[in-house]
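> Here it is: the structure, laid out below.
The values are calculated or read from the model by the stated rules, or taken from the named source; none is laboratory data. This structure is a prediction, so every number in the text was calculated from the model and none was measured. Here the Cβ is made from the backbone with ideal geometry for all residues, glycine too, and neighbour counts use every protein chain on show. Keep in mind that these areas ignore ligands, DNA and RNA; they rest on the heavy atoms of the full protein, side chains included. Shrake-Rupley method; radii C 1.70, N 1.55, O 1.52, S 1.80 Å.
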Protein chains: 2
Amino acid sequence: MNANPQFLAATATVDEAAVQPLPNSRKIYVQGSRADIQVPMREISQSDTPTSFGGEKNPPIYVYDCSGPYTDPNAKIDIRSGLAPLREKWIEERNDTELLAGPTSKYGQERLADPKLAELRFNLKRQPRKAQAGKNVSQMHYARQGIITPEMEYIAIRENLQRQQYLESLRTSGPNGEKLAKLLGRQHPGQSFGANIPAEITPEFVRSEVAVGRAIIPANINHPEIEPMIIGRNFLVKINANIGNSAVTSSIGEEVEKMTWAIRWGGDTVMDLSTGKHIHETREWIIRNSPVPIGTVPIYQALEKVNGKAEDLTWEIFRDTLIEQAEQGVDYFTIHAGVLLRYVPLTANRMTGIVSRGGSIMAKWCLAHHKENFLYTHFEEICDIMKAYDVSFSLGDGLRPGSIWDANDEAQLGELRTLGELTQIAWKHDVQTMIEGPGHVPMQLIKENMDIQLKECFEAPFYTLGPLTTDIAPGYDHITSAIGAAQIGWYGTAMLCYVTPKEHLGLPDKKDVKDGIMAYKIAAHAADLAKGHPGAQIRDNALSKARFEFRWEDQFNLGLDPDTAREFHDETLPKDSAKVAHFCSMCGPHFCSMKITQDVRDFAAKQGVNEAEALQKGMEVKSVEFVKQGAALYHKA
Amino acid sequence: MNANPQFLAATATVDEAAVQPLPNSRKIYVQGSRADIQVPMREISQSDTPTSFGGEKNPPIYVYDCSGPYTDPNAKIDIRSGLAPLREKWIEERNDTELLAGPTSKYGQERLADPKLAELRFNLKRQPRKAQAGKNVSQMHYARQGIITPEMEYIAIRENLQRQQYLESLRTSGPNGEKLAKLLGRQHPGQSFGANIPAEITPEFVRSEVAVGRAIIPANINHPEIEPMIIGRNFLVKINANIGNSAVTSSIGEEVEKMTWAIRWGGDTVMDLSTGKHIHETREWIIRNSPVPIGTVPIYQALEKVNGKAEDLTWEIFRDTLIEQAEQGVDYFTIHAGVLLRYVPLTANRMTGIVSRGGSIMAKWCLAHHKENFLYTHFEEICDIMKAYDVSFSLGDGLRPGSIWDANDEAQLGELRTLGELTQIAWKHDVQTMIEGPGHVPMQLIKENMDIQLKECFEAPFYTLGPLTTDIAPGYDHITSAIGAAQIGWYGTAMLCYVTPKEHLGLPDKKDVKDGIMAYKIAAHAADLAKGHPGAQIRDNALSKARFEFRWEDQFNLGLDPDTAREFHDETLPKDSAKVAHFCSMCGPHFCSMKITQDVRDFAAKQGVNEAEALQKGMEVKSVEFVKQGAALYHKA
């Protein structure tokens, strides 16, 4: 299980599986208004359509790429050095930060001074950075000043995914170009539940969404390595992958591998939920090598500092932990400030009580001291730290339901309302904020969560764990929860926190991480389609066309996981020749429904049905025309 | 891949993996009004609650069991003899059938006479049975006469799952019995979209639902081995597993193994979609050993009989195939009678044309002959065959969409309306009928399918494939489709046809069959919960209680797949002692959120909060009381 049992900084190496380019894929960089805005995308090339189906060229399509430089064969990867700090100049240029001599947290200083940790420690040469006194360095602050940061422009380019360029390349691809562009660009109208996604994302739109708090850009000034991304209901639905060791198992090297593996398959952010030894050092390795935002739950580490005794926690220890982690570059903090003293007894008669680790820590503290949650009473001081490093809030749902039984109860919904109150305080400080949500919720109660969240939290991005739609499938909770995640994503959730098959049973290994990511990429994309996100259907259309035309390799490569698709195909028909064969194992070579459809199409074409003309008039018109023409055709016969 | 490459009737043996009882489970039989109504259920026993959590006894719970005698250690299993014909007496008693001398289909007779097939052939000694001239032996016919058949009573007992007995055993389990029964029997109100499920299913309710056509009991008089089950929106949502060899791969033995494997994990019906050699013999082996209804698509075999040339199909060949299969005992036939000539050209400009094999065969036939679909023109003659054996219609969706692009188009919805017209003809003959549905459909268009189906097909049970909610995840279509299946099940679909991870890529092996079943058991149960099916939450509640109390073994055993849950747990914490430990690998032994909840509960109890009293007043009252008491408590401090 332990990929790197004797992790040593001097010999740490990248996971080779994470640095292979995906098949038929090429990393491209789209340049923005300045040379140092270089937005990565994955370009998937396709083969030509077989002549029997028309013989056209199929231009490459562009997909969102979270994998960072790892999948770029031109990038030099050395995890001992970390990634290049691509945002450093942007941060410097803003001229509102200062370099610190070293960590200012007590704990950060102790760890740095401990010679026993030398062999584990990432060798960071860069000094930590902080806002100058009186300055606020949050993206929300800039947005509210009307400033479009390079991060915002980067995100606008990234979210558009070169869709117009793809459609233009179709239009100019040959005599059928216009027709192909209409075919492959067509999309069903969505049901958006109030989301309002423009056809083209502009930098100004990004700014305006961040300014009103409807989206966040998690981007700590001490994590200049990230490729900026955005979380908001008017953007592509994102997913988060949790990693992290525990007191029982796993090493630093294994966690770094899980991170590179998670982003390879599409994790938009990664949360490091480590609770075991060397949390500080593990985190440093992860952040320095992560091109995606990293989130943490600082109370976990604070608890370690008091040897697991929740009642011994103090604001001072917690505050030091926030500064320690902010100076390492954590991009968002889960803060369970909504677990109020008065909500705690509401959980006593639940089926599964408090299942959030952070929530139960705070509940225990509240009960032990008969005092209000110190995260709540010190919330404005926390805001001051957040805005000095641009750490975003992920306001934790410490009272989320841990079973169907406990769904949507007063403890959960009371806390959610308090998170709305805290959102307004955070926004007063121009601190970026998202809201965490359930949990275990049966399908018919999911929408209520979203509706209350949108109303009570003023459209701050919702970030939900699942929800799991039943409790009866331990071992398959990536599926019980993908069902709920797809729905809540459709209703308006901005980021879906994955659940792996190991949920409730154990710590996820690399296979579980990938399984969880896949289930959640599916849920997020299904939600984008259902909302009617402009262009979301382009990838479905391209893949379906490849499928219909027996372009097996393209079908694999356009999918979320080319390796698995190819492997499954090869189990039944291993020969390479089968991948260009015009049949598959389901029907065999003598009968094929796709072939028959081709006959239908040929027949219709021969009878003078003008496909191109019909298409140009739109599908509705076309359908009616075909009914008439088709009926006429056969009535004559 | 080939489990039994040299399949020989003389040496055929059962798959050992399919005959092991599930852990801590016992097959029980609940007797009906007569001694030969013995309804199987799986009883899962539980350990006691640890004393630190209350120490109560946890009575066994009862779950729906499709696995037949295979999981009964007292049953003698020999697949060469097939299962006991438990319905034989019921069928005889009705005194409306006659025994035939042998198969009456031409093809059935040829196969029986072919000495080369002897070594492959199942040795059936029983004669086939048929309705006496002028009689109708369908369950719908009996229902409409006001007759409650033993099948109907069996189903009523089966659907109730001993829920009242379970709750009663809780009530009488000790001093906290009433409280426990309320706790474990509590359920969230559902959103039923017009479903109307009584708290207790009576035999009369079963009869009335079958009489009006809102439910079907697939139960061919030549398949007396089945354990009766029902498909209808006012019953538990069911799932179907497809198996079947193809010209390219797999043997008879392998298909029988897939069937026993599918029912072990919860397949309510199995479709044999074989298209390769020895279809007739494969089917006989499957039916004789299947306790669940078997469905087929007879046009597949008819096509084999004309060497794969759709244009050579004739009504006579098809008719002979229906009789051949009806006399073997197939319980439902997919008949693509809605693929009308005028709909065929509507598919010409689709992204993926006609993806249903049956649909494309009929389309090809229609085009080749410029004639209306012979399944449509001969529909009443088909009804005559159906009612002579009680084969149910599964009216096929030959024009279902094969891509998101093609969803809800005029071809698909036109066919659906025609299926409604055919439903009324079938009902005129008292032939049981369900309707097949999509396909690939994005989430926002799923409900339209259900709404049109309910209206145009008069609430005949809907039986849908998925739907797949995106096209971009080949290798994971059990998940893309479980998302859609859970939703359409919630909206009112009665049976969900599974999709395996191999969909679009290859033929499913046993692992894929199990993965598909699991995803669909989850979808079906999530739908039951969302509809508010009475008692659906009992299993969730019991499992969540076990989870909260660290009863690891019970958590595994109450789940859908105890083997996988245990295996995942053991990967992280392999020691047996960990399964009784009051911690898990996620947080480790020094900190545990569940433990803290227990502290909260103890604290609340000590402060005089009367949980039992509050529970009796219902959760809402309780919550308010706790807020008040909790607040008072802390204000004093």
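> Look at segment B:339-361 and say how many of its residues are part of a helix (DSSP H, G or I) and among the hydroxyl-bearing types (Ser, Thr, Tyr).
Step one: filter segment B:339-361 for residues part of a helix (DSSP H, G or I), giving B:341-347, B:357-361.
Filter again for among the hydroxyl-bearing types (Ser, Thr, Tyr), leaving B:343, B:347, B:360.
Within segment B:339-361, residues that are part of a helix (DSSP H, G or I) and among the hydroxyl-bearing types (Ser, Thr, Tyr) number 3.
> Would you check which residues across segment A:169-195 are touching a helix residue (DSSP H, G or I) at 6+ places or on another chain (Cβ under 8 Å) and not in a loop (DSSP other than H, G, I, E, B) and list them?
Listed by number, the residues that qualify are A:Leu170, A:Arg171, A:Gly177, A:Glu178, A:Lys179, A:Leu180, A:Ala181, A:Lys182, A:Leu183, A:Leu184, A:Gly185.
> I'm trying to understand the selection: among the residues of segment A:375-387, which are open to solvent by 10 Å² or more (accessible area, probe 1.4 Å) and among the hydrophobic types (A, V, I, L, M, F, W, C)?
Filtering segment A:375-387 down to residues open to solvent by 10 Å² or more (accessible area, probe 1.4 Å) leaves A:376-378, A:380-381, A:384-385, A:387.
Within segment A:375-387, just A:Ile385 meets the criteria.
Residue-by-condition table, conditions (1) modelled with pLDDT of 95 or more; (2) within 21 Å of the chain's Cα centre (by Cα); (3) more than 14 Å from chain A (Cβ to nearest Cβ); (4) more than 17 Å from B:Phe393 (Cα to Cα):
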residue: B:Ala407; (1), (2), (3), (4): yes, no, no, yes
residue: B:Ala411; (1), (2), (3), (4): yes, no, no, yes
residue: B:Leu416; (1), (2), (3), (4): yes, no, yes, no
residue: B:Gly420; (1), (2), (3), (4): yes, no, yes, no
residue: B:Thr423; (1), (2), (3), (4): yes, no, yes, no
residue: B:Ala426; (1), (2), (3), (4): yes, no, yes, no
residue: B:His429; (1), (2), (3), (4): yes, no, yes, no
residue: B:Met434; (1), (2), (3), (4): yes, yes, yes, no
residue: B:Gln444; (1), (2), (3), (4): yes, no, no, yes
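> Could you run through segment B:94-137 and say how many residues are in a loop (DSSP other than H, G, I, E, B) and under 24 Å from B:Asp78 (Cβ atoms)? First the steps, then the outcome.
Restricting attention to segment B:94-137, the residues satisfying the condition of being in a loop (DSSP other than H, G, I, E, B) are B:94-96, B:100-105, B:114, B:118-128, B:132-137.
Narrowing the set further to residues that are under 24 Å from B:Asp78 (Cβ atoms) leaves B:102-103, B:118-128.
Residues flagged as in a loop (DSSP other than H, G, I, E, B) and under 24 Å from B:Asp78 (Cβ atoms) within segment B:94-137 amount to 13.
> Looking at segment B:175-182, can you tell me whether even one residue there is of a type in the set (Gly, Ala, Ser), open to solvent by less than 30 Å² (accessible area, probe 1.4 Å) and more than 24 Å from the chain's Cα centre (by Cα)?
As a first pass, look at segment B:175-182 and keep what is of a type in the set (Gly, Ala, Ser): B:177, B:181.
Now restrict to residues that are open to solvent by less than 30 Å² (accessible area, probe 1.4 Å): B:177, B:181.
Cutting the leftovers down to more than 24 Å from the chain's Cα centre (by Cα) gives us B:177, B:181.
Scanning segment B:175-182 turns up at least one residue that is of a type in the set (Gly, Ala, Ser), open to solvent by less than 30 Å² (accessible area, probe 1.4 Å) and more than 24 Å from the chain's Cα centre (by Cα).
> Considering every residue within segment B:580-591, establish whether at least one is crowded, with 21+ Cβ neighbours inside 10 Å, assigned to a helix (DSSP H, G or I) and either facing chain A (nearest Cβ under 9 Å) or at pLDDT 75 or above (or both).
Within segment B:580-591, none of the residues are crowded, with 21+ Cβ neighbours inside 10 Å, assigned to a helix (DSSP H, G or I) and either facing chain A (nearest Cβ under 9 Å) or at pLDDT 75 or above (or both).
Residues checked against (1) small (Gly, Ala, Ser); (2) in contact with an Asp or Glu (Cβ under 6 Å, 6 or more places away or on another chain):
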{"position": "B:Ser169", "(1), (2)": "yes, no"}
{"position": "B:Leu180", "(1), (2)": "no, no"}
{"position": "B:Val206", "(1), (2)": "no, no"}
{"position": "B:Val210", "(1), (2)": "no, no"}
{"position": "B:Arg214", "(1), (2)": "no, yes"}
{"position": "B:Pro224", "(1), (2)": "no, yes"}
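> Out of all the residues in segment A:505-513, is one or more closer than 26 Å to A:Met351 by Cα, in a loop (DSSP other than H, G, I, E, B), more than 9 Å from chain B (Cβ to nearest Cβ) and open to solvent by 10 Å² or more (accessible area, probe 1.4 Å)?
Filtering segment A:505-513 for residues closer than 26 Å to A:Met351 by Cα gives A:505-508.
Those left that are additionally in a loop (DSSP other than H, G, I, E, B): A:505-508.
This time we only want the ones that are more than 9 Å from chain B (Cβ to nearest Cβ), so: A:508.
With the extra rule that they be open to solvent by 10 Å² or more (accessible area, probe 1.4 Å), the set shrinks to A:508.
Within segment A:505-513, one or more residues are closer than 26 Å to A:Met351 by Cα, in a loop (DSSP other than H, G, I, E, B), more than 9 Å from chain B (Cβ to nearest Cβ) and open to solvent by 10 Å² or more (accessible area, probe 1.4 Å).
> Shifting gears a bit: Consider segment A:552-575. How many of its residues are in a loop (DSSP other than H, G, I, E, B) and open to solvent by 10 Å² or more (accessible area, probe 1.4 Å)?
Keep residues of segment A:552-575 that are in a loop (DSSP other than H, G, I, E, B), which gives A:559-561, A:573-575.
Those left that are additionally open to solvent by 10 Å² or more (accessible area, probe 1.4 Å): A:560, A:573-575.
Matching residues across segment A:552-575 total 4.
> Something else now. Which residue is nearest to the chain's Cα centre (by Cα), if the candidates are limited to segment B:554-579 and must be modelled with pLDDT of 75 or more and within 24 Å of A:Asp272 (Cα to Cα)?
From segment B:554-579, those modelled with pLDDT of 75 or more are B:554-572; that's our starting set.
With the extra rule that they be within 24 Å of A:Asp272 (Cα to Cα), the set shrinks to B:568-572.
Values: B:Phe568: 26, B:His569: 28, B:Asp570: 31, B:Glu571: 31, B:Thr572: 34 Å.
Residue satisfying both the conditions and the ranking: B:Phe568.
> Given (1) under 14 Å from the mean Cα position of the chain (by Cα); (2) of a type outside the set (Phe, Trp, Tyr); (3) under 20 Å from B:Pro40 (Cα atoms), where does B:Ala219 come up short, assuming only one miss?
For B:Ala219, the exception is condition (1).
> Considering segment B:429-477 alone, what residues qualify as being open to solvent by 10 Å² or more (accessible area, probe 1.4 Å) and among the hydrophobic types (A, V, I, L, M, F, W, C)?
Selection gives B:Leu445, B:Ile452, B:Leu454, B:Phe458, B:Leu465.
> Show the residue pairs meeting these rules: Cβ distance below 7 Å; 6+ apart or different chains; first residue within segment A:193-212 and modelled with pLDDT of 95 or more; second residue in a helix (DSSP H, G or I) and of a type in the set (Val, Ile, Thr).
Partner pairs satisfying both residue conditions: A:Val206/A:Ile155.
> When you look at B:Glu98, is it of a type in the set (Asp, Glu), open to solvent by less than 60 Å² (accessible area, probe 1.4 Å) and under 22 Å from B:Gln432 (Cβ atoms), yes or no? Steps first, answer last, please.
On the way: of a type in the set (Asp, Glu): yes; open to solvent by less than 60 Å² (accessible area, probe 1.4 Å): no; under 22 Å from B:Gln432 (Cβ atoms): yes.
In short, no.
> Report yes if some residue within segment A:99-118 is of a type in the set (Asp, Glu) and under 30 Å from A:Ser208 (Cα atoms); otherwise report no.
Checking segment A:99-118: not a single residue is of a type in the set (Asp, Glu) and under 30 Å from A:Ser208 (Cα atoms).
Residue-by-condition table, conditions (1) open to solvent by less than 10 Å² (accessible area, probe 1.4 Å); (2) away from chain A (no Cβ under 14 Å):
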| position | (1), (2) |
| --- | --- |
| B:Arg264 | no, yes |
| B:Ser274 | yes, no |
| B:Lys277 | no, no |
| B:Gly295 | yes, yes |
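> If you check B:Gly532, B:Gly484, B:Gly489, which single one turns out to be surrounded by fewer than 24 Cβ atoms within 10 Å (Cβ to Cβ), in contact (Cβ under 8 Å) with a residue 24 or more places away in the chain, touching a helix residue (DSSP H, G or I) at 6+ places or on another chain (Cβ under 9 Å) and at the interface with chain A (Cβ under 10 Å from one of its Cβ atoms)?
Numbers: B:Gly484 fails: surrounded by fewer than 24 Cβ atoms within 10 Å (Cβ to Cβ); B:Gly489 fails: surrounded by fewer than 24 Cβ atoms within 10 Å (Cβ to Cβ).
Checking each option against the conditions leaves just B:Gly532.
> Another question about this same structure. What residue, among those in segment B:21-69 that are surrounded by fewer than 16 Cβ atoms within 10 Å (Cβ to Cβ) and not in a loop (DSSP other than H, G, I, E, B), is modelled with the lowest pLDDT?
So the first thing to find is which residues in segment B:21-69 are surrounded by fewer than 16 Cβ atoms within 10 Å (Cβ to Cβ), and the list is B:21, B:23, B:26, B:29, B:31, B:33-36, B:38, B:45, B:48, B:50-52, B:54-55, B:57.
In the following step, the residues that additionally are not in a loop (DSSP other than H, G, I, E, B) were identified as B:26, B:29, B:31, B:38, B:51-52.
Values: B:Arg26: 97, B:Tyr29: 98, B:Gln31: 98, B:Gln38: 98, B:Thr51: 88, B:Ser52: 82.
So the residue we want is B:Ser52.
> Test A:Ile385 against the stated conditions and say whether it is touching a Cys at 6+ places or on another chain (Cβ under 6 Å) and at pLDDT 95 or above. Give the derivation first.
On the way: touching a Cys at 6+ places or on another chain (Cβ under 6 Å): no; at pLDDT 95 or above: yes.
Here the answer is no, as A:Ile385 does not meet what is asked.
> With respect to A:Val306, is the statement that it is farther than 30 Å from A:Ile217 by Cβ, more than 28 Å from the chain's Cα centre (by Cα), open to solvent by less than 10 Å² (accessible area, probe 1.4 Å) and aliphatic (A, V, I, L, M) true?
Working: farther than 30 Å from A:Ile217 by Cβ: yes; more than 28 Å from the chain's Cα centre (by Cα): yes; open to solvent by less than 10 Å² (accessible area, probe 1.4 Å): no; aliphatic (A, V, I, L, M): yes.
Against the criterion (farther than 30 Å from A:Ile217 by Cβ, more than 28 Å from the chain's Cα centre (by Cα), open to solvent by less than 10 Å² (accessible area, probe 1.4 Å) and aliphatic (A, V, I, L, M)), A:Val306 does not qualify.
> While we're on this one: Just one of (1) surrounded by fewer than 23 Cβ atoms within 10 Å (Cβ to Cβ); (2) at negative phi trips up B:Leu416, so point out which.
In the conditions (1) surrounded by fewer than 23 Cβ atoms within 10 Å (Cβ to Cβ); (2) at negative phi, B:Leu416 misses (1) alone.
> Condition first: open to solvent by 10 Å² or more (accessible area, probe 1.4 Å) and of a type in the set (S, T, N, Q). Now tell me which residues in segment B:279-293 satisfy that.
The answer is none; no residue qualifies.
> Of the residues A:Ala17, A:Ala12, which single one is surrounded by 16 or more Cβ atoms within 10 Å (Cβ to Cβ) and at pLDDT below 95? Write out each step before concluding.
Numbers: A:Ala17 fails: surrounded by 16 or more Cβ atoms within 10 Å (Cβ to Cβ).
Within the list A:Ala17, A:Ala12, the selection yields A:Ala12.
> Just the residues that are in contact with a Gly (Cβ under 7 Å, 6 or more places away or on another chain), without any contact (Cβ under 8 Å) to a residue 40 or more places away in the chain and more than 12 Å from B:Ile488 (Cβ to Cβ), please, taken from segment B:441-474.
B:Gln444, B:Ile472, B:Ala473, B:Pro474 - these are the residues of segment B:441-474 that are in contact with a Gly (Cβ under 7 Å, 6 or more places away or on another chain), without any contact (Cβ under 8 Å) to a residue 40 or more places away in the chain and more than 12 Å from B:Ile488 (Cβ to Cβ).
> Moving on to the next point. Step by step: first the residues of segment B:314-370, then only those that are of a type in the set (Phe, Trp, Tyr) and open to solvent by less than 10 Å² (accessible area, probe 1.4 Å), then the one that is farthest from the other protein chains (Cβ to nearest Cβ). Which residue is that?
Once the filter is applied, the top-ranked residue is B:Tyr332.
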